[in-house]
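This report refers to the structure that appears directly beneath it.
Values in this text are rule-based calculations from the coordinates and carry no lab data. On a predicted model such as this, the values are computed, not experimentally measured, just so you know. We place every Cβ from the backbone using ideal geometry, glycine too, and count neighbours over all the protein chains shown.
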Amino acid sequence: AKYTWVDKETCIACGACGASAPDIYDYDDEGLAEVIYGGDGNTGTTEIPEELYDDLQDALDGCPTDSIKVSDQPFNK
Ligand code: F3S
C-alpha cells in the first residue's frame, strides 16, 4: 500500500506534482500542493490505488524540494 502527503512548509508551488499526478495532488489558494485523492485532505491516510503508482512516482521524482512524502504506511503527523 502507498500513502502520500505534501509538506507545505517546503513546497514552493512549482506545480510539477499536479501535472504528473492530477488525481492525487491539487493546489490550495496559495498554490501550495496538497493531497486531494479520496478526500484525503493532505493527511496522508488515504490508500493510493495501484493504478496511480506511476503518477505517484513521477510526482515524487519531479518535486524539486522533496516536499512530496510517500510511505507504505499511513502517516501519523
Ligand atoms: Fe510543491 Fe513539489 Fe508539488 S514544490 S507544487 S510539492 S512538485
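On each of the three principal axes of the Cα atoms of the chain, give max minus min coordinate, whole Å, ordered largest first.
Rounded to whole Å, the extents work out to 28, 24, 19 Å.
In deg cm²/dmol and to the nearest 500, what is the mean residue ellipticity at 222 nm of the chain if only DSSP H runs of at least 4 residues count, each as -39500 (n - 2.57), divided by the residue total?
-5000 deg cm²/dmol
Using 1/(1 + (r/R0)^6) with R0 = 25 angstrom and r between the beta carbons of Asp26 and Val70, what's the FRET efficiency to the nearest 0.05?
After rounding to 0.05, the efficiency reads 0.90.
Please compute the contact order of the chain in relative form: average sequence separation of alpha-carbon pairs under 8 Å and at least six residues apart, divided by the residue count, as a percent.
It comes to 45 percent, rounded to a whole number.
Just to check I understand the Karplus step: with θ = phi - 60° and J = 6.51 cos²θ - 1.76 cosθ + 1.60, what whole-Hz values come out for region 12-22, glycine and proline as x?
Result, ordered by residue: 10, 6, 6, x, 5, 5, x, 6, 6, 9, x Hz.
Can you tell me the FRET efficiency between Ala19 and Glu51 if r is taken as the Cβ-Cβ distance and R0 is 22 Å, rounded to the nearest 0.05?
About 0.75, to the nearest 0.05.
Which value, in debye to the nearest 20, gives the size of the charge dipole of region 12-77 about its Cα centre, when Lys and Arg are +1 and Asp and Glu are -1 at the Cβ?
Charge dipole, region 12-77, about its Cα centre: 260 debye, nearest 20.
Ranked from highest to lowest mean number of other Cβ atoms within 10 Å per residue, what is the order of the peptides 62-69, 31-38?
31-38, 62-69
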